[in-house]
């Protein structure tokens, strides 16, 4: 392949300002950068309740050892707990909140369902980073999500600062698709959820995109909302501080973009990673 990437065709934002809570200015920013950060999206008792529920889930020994509970590569701390909107009524309510669903509807231009949900936890000093990647590359290759009609909503549940491994994004990277060379091994998710090495872009592609667009890391107090396109390149550093970093994460996929058979894997990933519209998950 001569080029490091393929230009994306068509608009990113498929709805309009009169269809939901986001203003035209916010939609334009999402279209241009591939993400939008809204500080202070949640607060007060609502945020406190989510933080209490986060702690209760992470402290629940019944979830340890389950395939949907991912621990740190070199420790026993839970790194990610998937299918959280099935495990918790509190997070189910949040996943279906019109404040999030309405934003997804605006960006995607149609009704959506929760393709994936999880809580992420990066403990102080122990939380490892995550390599640069596009979620769509995995969702397309391994889950067979046909097109880029999905948006992620990440609600920051602890203060985010430069020392505890905040999410970093490359503005404008959503406008290109960076193919990742190599065959997807069976059960790749068992390793990639701890440390992703397959399905990551080349360093040369990253260098050129970062030289062109830079890197941004939205930071701030707990309660902020980060919306980002499924194709935006992102990653994070290790947590070098004593302060944990956690967030609730929901992926909204347009209903007519539901997953089919995988393009680059022998079988689809387990259902805790890729839900169907209206499906049930029994933990």
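The values are calculated or read from the model by the stated rules, or taken from the named source; none is laboratory data. It should be emphasised that the depicted structure is a prediction, and the values quoted were computed from it without experimental measurement. So basically every Cβ, Gly included, is an ideal-geometry build from the backbone, and we count neighbours across all protein chains shown.
Inside the stretch 121-145, can you point out the residues that are in a loop (DSSP other than H, G, I, E, B), farther than 21 Å from residue 210 by Cβ and either out of contact with any helix residue (DSSP H, G or I) (no Cβ under 6 Å at 6 or more places or on another chain) or without any contact (Cβ under 8 Å) to a residue 24 or more places away in the chain (or both)?
Correct list: 123, 124, 125, 126, 127, 128, 142, 143, 144.
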From the residues in the stretch 86-100 that are over 18 Å from residue 151 (Cα atoms) and in contact (Cβ under 8 Å) with a residue 24 or more places away in the chain, which one is surrounded by the most Cβ atoms within 10 Å (Cβ to Cβ)? 87
Quick check on residue 233: is it in contact with a helix residue (DSSP H, G or I) (Cβ under 7 Å, 6 or more places away or on another chain), within 24 Å of residue 122 (Cβ to Cβ), at pLDDT 95 or above and surrounded by 15 or more Cβ atoms within 10 Å (Cβ to Cβ)? yes
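Can you tell me which residues in the stretch 114-132 are surrounded by 20 or more Cβ atoms within 10 Å (Cβ to Cβ) and either under 12 Å from the mean Cα position of the chain (by Cα) or more than 17 Å from residue 87 (Cα to Cα) (or both)?
The answer is 114, 115, 116, 117, 118, 119, 120, 122, 123, 127, 130, 132.
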Scan the stretch 123-159 residue by residue and report those that are within 29 Å of residue 98 (Cβ to Cβ) and touching a strand residue (DSSP E or B) at 6+ places or on another chain (Cβ under 6 Å). 149, 150, 151, 152, 153, 154, 155, 156, 157, 158
Which pairs turn up if I take residues in the stretch 1-22 that are touching a residue at least 40 places away in the same chain (Cβ under 8 Å) and look for partners that are assigned to a loop (DSSP other than H, G, I, E, B) and surrounded by fewer than 10 Cβ atoms within 10 Å (Cβ to Cβ) with beta carbon separation below 9 Å, at least 6 apart in sequence or on another chain? 1/181
Quick one: which strands (runs of 3 or more DSSP E) sit completely within the stretch 1-113 and have at least 2 residues that are within 28 Å of residue 209 (Cα to Cα)? 35-38
Pick out the one residue from 255, 260 that is out of contact with any helix residue (DSSP H, G or I) (no Cβ under 8 Å at 6 or more places or on another chain), modelled with pLDDT of 95 or more and over 29 Å from residue 63 (Cβ atoms). 255
Which members of the stretch 57-68 meet the condition of being closer than 24 Å to residue 223 by Cα and touching a helix residue (DSSP H, G or I) at 6+ places or on another chain (Cβ under 9 Å)? 57, 60
Out of all the residues in the stretch 161-177, which are buried (at least 23 other Cβ atoms within 10 Å of the Cβ) and part of a strand (DSSP E or B)? 167, 169
Let me spell it out: the conditions are (1) under 24 Å from residue 9 (Cα atoms); (2) at pLDDT below 90; (3) crowded, with 20+ Cβ neighbours inside 10 Å, and residue 192 meets all of them except one. Which number is the exception? (1)
